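The values are calculated or read from the model by the stated rules, or taken from the named source; none is laboratory data. Computed from a predicted structure; not experimentally measured. Using ideal geometry, Cβ is built from the backbone for each residue, glycine included, and neighbour counts are taken over all protein chains shown. For accessibility, only protein heavy atoms count, side chains too; no ligands or nucleic acids. Shrake-Rupley method; radii C 1.70, N 1.55, O 1.52, S 1.80 Å.
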Amino acid sequence: MTRSSTPGRALEGGRNALAGLSRVDHRRLARWHLGFALVMGLWGGLDALSLRTALLTPALNRWSAETYNAFFTTHGLTMLFLFVLPAIWGFAYAAVPPLIDAEGTAFPHLGVWAFWLQVPAALSIRAGTIGGILGLAGLEPVASGWTLYPPLSVLSPNPAVDAVLVGLVLVAVGTASTAGNFVVTILRRRRIRWLDVDTFTWTVLTAGVMSVVAFPALAGTVSLLVVDRSLGTAFVVVGGGPLIWQHLFWFFAHPLVYILVLPPMGIVSHVVPRFAGQRLFGRRSSVYSTLAIGVVSFTVWAHHMFVTGVSPAVRTVFMFTTLAVAIPSSAKLCTWLLTMWGGTIRYTAPMVAAVAAVGFFVVGGVTGVFLAVVPINARYTGTYYVVAHFHLLLAGFVGLALVAGAYYWFPLLTGRRLEPGLARLHGWLTIVGVAVTFGALLIVGLAVLPRRVATYPAAYAPLHQLATVGAYVIVAGQLVFLANLGRSLWLDDPVPADPWDLENGPSHTREWR
């Protein structure tokens, strides 16, 4: 009797495990996405730390140039596709349903399986790294850059390149599915008036529509590369093919930047008024600017190609469209600053991170405006100036906005609190580290030092070493965050129903009710 029941118990246990994997509560999905993003962010951050460690000295003393190239390739792919995107969807799953008074998402099972697509996608994108760690012959880290420009990406015999392409297709399918789920949820499951929809939900809706358009373009573009590599065709490898690849890739990739930026803008617009003691100033203009950014972002891609030989007329058109996208972005900055003006500001951990994010948004945005101008772009596009600009926006603005969201919604997701002192320490270490690292690289970039090069003249060693010190300060901040997270989960410190004392404030607190 016991022997015969053992397989039955095992089968029942397997069914229960599968049922657990397919449960569809939106907060469970939020925790899955954020946990996955945390793991991948740490892995991608380790790549960046390896890069900065290599650049402590002008000569490449620690790794080969090929290994250096592999680090910045996997760092870019991991942070963009496997860290920031899942983190954004995680916060969306946590907050959007209660903010629109919905019971859950429109297609909960689709959300579950779209998430699980990210696991094989991550393994595929990092297959070269895994092969290198395990010593698998012929499977080496990809070193062609995260943009995968042909002909290098087509002619490389490394099978890890094929794995990266498969992983990107899986990311495209999973992201488009998740985005479509949010779009339908907001359009069809919303039980409040459009006038009452909050700014964070508007940014998720806009980013969702953009993802439904952009990520199929990524899948189609990558498929051309797959066909060229596997069947020997020449869609993107001969003649004007490499230029065609850049047009197709950047048509996807520059809207991707705004897909990654818009929901963090929504987080800042959500957090700032709650701790400034005032309603968001110019709420309607904030919504309109979100929609404007979503539309205009699809018209700016060729500013990445000003030095590829495109005609002066084309460059002029894309210069003006790129400058135009700064207008709605500036409108958002005005809403944040005027919301804080005259407010009773409480510098909680979410507010410190949000205010710092606004500061980095100013610096990162201004440096980006200069790159929209053709002659300035031609001078600086291949230098550390671009590295500094891009990371001031992504590490500075997006990263700290995500930190603000993590601290603000942590009680909603876990029912527990993070220790405020450690949270503020994490925030300040991250702020100082980002400012030092990318401030130093901005100066290096203004000196027209080339990026993506493993060595550099000795005269730039002090600035590179300062940037590396800043990177280690960022790492110290993340270790503090992990310690705080572990403390919270270990001590099981419950929070009240209104953890931020917002019930009597002027900003609504629908997600806490």
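Of the residues screened, Ile192 is one that is open to solvent by 10 Å² or more (accessible area, probe 1.4 Å) and in contact with an Asp or Glu (Cβ under 8 Å, 6 or more places away or on another chain).
Any idea which of Val209, Val213 is under 26 Å from Met305 (Cα atoms), touching a Gly at 6+ places or on another chain (Cβ under 7 Å), open to solvent by 20 Å² or more (accessible area, probe 1.4 Å) and in contact (Cβ under 8 Å) with a residue 40 or more places away in the chain?
Going through Val209, Val213 in turn, just one is under 26 Å from Met305 (Cα atoms), touching a Gly at 6+ places or on another chain (Cβ under 7 Å), open to solvent by 20 Å² or more (accessible area, probe 1.4 Å) and in contact (Cβ under 8 Å) with a residue 40 or more places away in the chain: Val209.
Scanning segment 461-513 for residues that are touching a His at 6+ places or on another chain (Cβ under 9 Å) and not in a helix (DSSP H, G or I) returns Leu502, Ser507.
Residues that are assigned to a helix (DSSP H, G or I) and modelled with pLDDT of 95 or more: does segment 450-459 have at least one? Yes, because at least one residue in segment 450-459 is assigned to a helix (DSSP H, G or I) and modelled with pLDDT of 95 or more. In this structure, does Tyr380 turn out to be over 25 Å from Ser289 (Cα atoms) and surrounded by 15 or more Cβ atoms within 10 Å (Cβ to Cβ)? So Tyr380 passes the test. Applying a threshold of 9 Å to beta carbon distances and a minimum spacing of six or more residues, or different chains, the list of pairs starting in segment 361-372 at a residue that is farther than 15 Å from Leu262 by Cβ and ending at one that is assigned to a loop (DSSP other than H, G, I, E, B) and open to solvent by 20 Å² or more (accessible area, probe 1.4 Å) reads Leu371/Thr381.
For segment 407-441, give me each residue that is of a type in the set (Lys, Arg) and in a loop (DSSP other than H, G, I, E, B).
Just the residues of segment 407-441 that are of a type in the set (Lys, Arg), to begin with: 416-417, 424.
If the condition is that a residue be of a type in the set (Lys, Arg) and in a loop (DSSP other than H, G, I, E, B), then Arg417 is the only one that fits.
Does Val362 satisfy the criteria of being in a helix (DSSP H, G or I) and surrounded by fewer than 22 Cβ atoms within 10 Å (Cβ to Cβ)? In short, yes.
Residue-by-condition table, conditions (1) at pLDDT 95 or above; (2) more than 24 Å from Val212 (Cβ to Cβ); (3) open to solvent by less than 50 Å² (accessible area, probe 1.4 Å); (4) out of contact with any Lys or Arg (no Cβ under 7 Å at 6 or more places or on another chain):
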{"site": "Val261", "(1), (2), (3), (4)": "yes, no, yes, yes"}
{"site": "Met265", "(1), (2), (3), (4)": "yes, no, yes, no"}
{"site": "Arg279", "(1), (2), (3), (4)": "no, yes, no, yes"}
{"site": "Arg284", "(1), (2), (3), (4)": "no, yes, no, yes"}
{"site": "Val307", "(1), (2), (3), (4)": "no, yes, no, yes"}
{"site": "Val317", "(1), (2), (3), (4)": "yes, yes, no, yes"}
{"site": "Val352", "(1), (2), (3), (4)": "yes, yes, yes, no"}
{"site": "Ala357", "(1), (2), (3), (4)": "yes, yes, yes, yes"}
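Quick check on segment 124-137. Is at least one of its residues touching a Gly at 6+ places or on another chain (Cβ under 9 Å), in a helix (DSSP H, G or I), open to solvent by 20 Å² or more (accessible area, probe 1.4 Å) and polar (S, T, N, Q)? Yes - at least one qualifying residue is present in segment 124-137. Within the bounds of segment 217-236, is there any residue that is outside any helix (DSSP H, G or I), of a type in the set (Gly, Ala, Ser) and free of Cβ contacts under 8 Å to residues at least 40 places away in the same chain? Yes, the conditions are met somewhere in segment 217-236.
Taking the criterion of being in contact with a helix residue (DSSP H, G or I) (Cβ under 8 Å, 6 or more places away or on another chain) and not in a helix (DSSP H, G or I), the residues of segment 333-359 that qualify are Gly343, Thr344, Ile345, Arg346, Tyr347, Thr348.
Counted as qualifying within segment 1-111 are the helices (runs of 4 or more DSSP H) with 2 or more residues that are modelled with pLDDT under 95 and open to solvent by 10 Å² or more (accessible area, probe 1.4 Å), namely 2-21, 26-54, 65-77. Does Ser156 satisfy being over 30 Å from Ala406 (Cβ atoms) and either in contact with a Leu (Cβ under 6 Å, 6 or more places away or on another chain) or touching a residue at least 60 places away in the same chain (Cβ under 8 Å) (or both)? Criteria not met by Ser156. Would you check if there is a residue in segment 182-198 being at pLDDT 95 or above, among the β-branched types (Val, Ile, Thr) and within 18 Å of the chain's Cα centre (by Cα)? Checked against the condition, which is being at pLDDT 95 or above, among the β-branched types (Val, Ile, Thr) and within 18 Å of the chain's Cα centre (by Cα), segment 182-198 yields no hits at all.
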